Amino acid sequence: MHTDYRDIPLQFPPGFVIGSATASYQIEGAAAEGGRTPSIWDTFSHTPGRTWNGDTGDIACDHYHHLESDLDLMARLGLEAYRFSISWSRVLPNAGSVVSPDGMGFYSRLVDGLLARGIRPIATLYHWDLPQELEDAGGWPNRSTAERFAEYAARTVEALGDRVHTWTTLNEPWCAAYLGYGSGAHAPGRTNGADALAAVHHLNLAHGLAVPEIRRAATNDPDVSVTLNFHVARGEEEAVRGVEALANRAFTSPLLRGRYDDDLLAQTSAVTDWSFVQDGDLERIHQPLDVLGVNYYSTVTVRTWDGSAEKVRNDGHKDVGGSPWPGLDDVEFLPQEGPYTDMGWNIAPDGLEDLLVSLSEQFPAQPLMVTENGAAFPDVVTETADGPRVHDADRTDYLVRHFGAARRAMDRGVDLRGYLVWSLLDNFEWGYGYSKRFGIVRVDYDTRERIVKDSARWLSGVIAQQEA
Ligand code: FCB
C-alpha cells in the first residue's frame, strides 16, 4: 500500500531542530493561580457533556508546579527546541491590559529555563484559550477580538521578546474557527457556519495585526510564524478542491498571497457574503513569514455526496451535531484505509511527504517546520528492574515513518527547518479529555509522575545522532 519509510536514514542538515510541543491549557493546570482568569476552554470543559468524562484542564499535568523538573526532563531527553503556548488570561487576566507579574513571570522562568539548558523557545501566542470576556463580547466572529489579540501580542513580546527564538501567532486557526464556531466540538461550542467563516477572517486578521507588533517589540530579531493544520484530501477531484479551499486556502491564500480565492467565496456564498472583510484587511494579513508551521496527523478521503445514502463524515473530528464544513454540504468524508491510531486517525506518512512537497511547490521561498506530528495509543506501563517503562512501539513506529517521510520530502527539495513531536507529555486532549495519550512521556494523572516512554528514548537517539 504505502511507501515504506522505515529504512530512511534520519540524518538532517546542520541547523535542523528536533524537539517537542505542548499547549498551555492542555498541560499547565493551576487554572486559578497567579491571577489567571477563565478562558473559553475553562468554561467549555466545565459545561456538562462537552468533554469526555467531564474532564477539565484545572490540574492537567500540573506543569505550572512542575516547571523545573519538566525543564530538566527536556534537557535529559536532549530536546533542541520546545514549542509551548502562552495562556492569554494568565498574562492579561480578565482580558485586561495590565500584565500579571505572576502570569508573565511563569513564562519568563520557562524561557530562561529553556535557554539555560540550551533549548530553543518556540512560543505560540494563541492555542485556543480565548479569555472568556472576549467570547462574551462576541468572540472570534467579532472584529475587535483581532485588535485585542494584537495588544496581547504586544504586551507579551515586550516582556519576553528579548529571549524567545520563534513567535507563532496562532495554532491551527482551522480548529479555532470551524470546531469552535461551526461544529461546536471545541470551545466555545457554537454551531453557526457564518460565524465560523467570520472567525476565520478575524483569526487571519489577528495574525496580520500581531506580526508588526511582534517585530516592533522583539529585540532579538526572532523568527515569526503561524501554525496551520492542513487537510490532506484524497479522492474525487471536485470534492478535494472544495475541502482544500475551505480548510487550507482560507488561511494560506490571505496569509501568504494576500487574497481570498474566488472558489472559496463562491462555495460559501450561501452561508456568508464575507462583508466582514474590510478594505486593507488583506494587505494587513499578508505578512512575510520566516517559517510556516505545519501540523500533520492523517489524511481524509472525500467525494461528492449523491444523496442516495446517509452522508458519512469520517473527517477525524468529533461529531457533536454541527458541521465544521460551512458551504460544503455536498461533500462526504469516507472511512480511511487503516491502520489507525487511538484517535481513529489513519496512519499515512505519505500524506506528510505529499503535503510538504505541495506546500513548497505552492510557496517556493517559504521555509517550513513540522510543528506537530505524533500519535495517541493506549499505552501500558510495564514494571522492569529499571523501574516503570512504557514500551510504545506503535508510537515509535509512527514517528519513524513520519520522520522518514519528512526526510524524503527534503530530498525532493523541501526547505524544512525542524520537527516537533506532539506531545512532550500526555495531556488534556480537548473534547477527548484525558482518554487519549499523545505524550512521549507518560503522565500518571493520580500522582502526576512522569515516565519516559520508549518513543522519547528513540527521539533522544535521533537527536544524538545528528552532527553538531
Ligand atoms: C492538534 C492540536 C493539539 C493536539 C493535537 C493532537 O490539532 O493543535 O493541541 O490536540 O492536535
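A few points about this structure:
- Considering only THR301, GLN287, THR341, and ranking their Cα positions along the charge dipole of region 285-386 that arises from unit charges at the beta-carbon of Lys, Arg, Asp and Glu, the one farthest toward the positive end is GLN287.
- Rg followed by Dmax, in Å, when region 45-178 is reduced to its Cα trace: 15.7, 44
- Trypsin sites (Lys or Arg not before Pro) restricted to region 376-465 and DSSP loop, no more than 14 other C-beta within 10 Å: ARG412
- Spin-label model, VAL380 to GLU283: label points 7 Å out along the Cα-to-beta-carbon direction sit 6.3 nm apart.
- Accessible area per residue for region 32-187 is 30 Å², calculated with a 1.4 Å probe on protein heavy atoms, without ligands, DNA or RNA.
- Accessible area of ASP290 in the full protein assembly, 1.4 Å probe (Å², nearest 10): 50 Å²
- For region 250-332, the Cα gyration tensor yields ellipsoid semi-axes of 29, 19, 11 Å (square root of five times each eigenvalue, largest first, whole Å).
- Over region 369-468, accessible surface divided per residue gives 35 Å², non-protein components excluded, 1.4 Å probe.
- Spin-label pair ARG143/GLU68, simplified geometry with 7 Å Cα→Cβ offset, distance in nm: 5.0 nm
- Carbon plus sulfur fraction of accessible area for the chain, probe 1.4 Å, in percent: 48 percent
- The mean accessible area for residues of region 218-336, using a 1.4 Å probe and ignoring ligands and nucleic acids, is 44 Å² per residue.
- If you look at the Cα atoms of the chain, you get an Rg and a Dmax of 20.7, 66 Å.
- Separation of region 1-55 and region 352-408, taken as the distance between their Cα centroids, equals 14 angstrom.
- Radius 13 Å from Cβ of GLN287, net charge of other residues (Lys, Arg +1; Asp, Glu -1): -1
The values are calculated or read from the model by the stated rules, or taken from the named source; none is laboratory data. These numbers come from a predicted model, not from an experiment. When we count neighbours, we look across all protein chains shown, and the Cβ atoms used for this are built from the backbone with ideal geometry, even at glycine. Areas reflect the complete protein model, heavy atoms only, side chains present, ligands, DNA and RNA absent. Shrake-Rupley method; radii C 1.70, N 1.55, O 1.52, S 1.80 Å.
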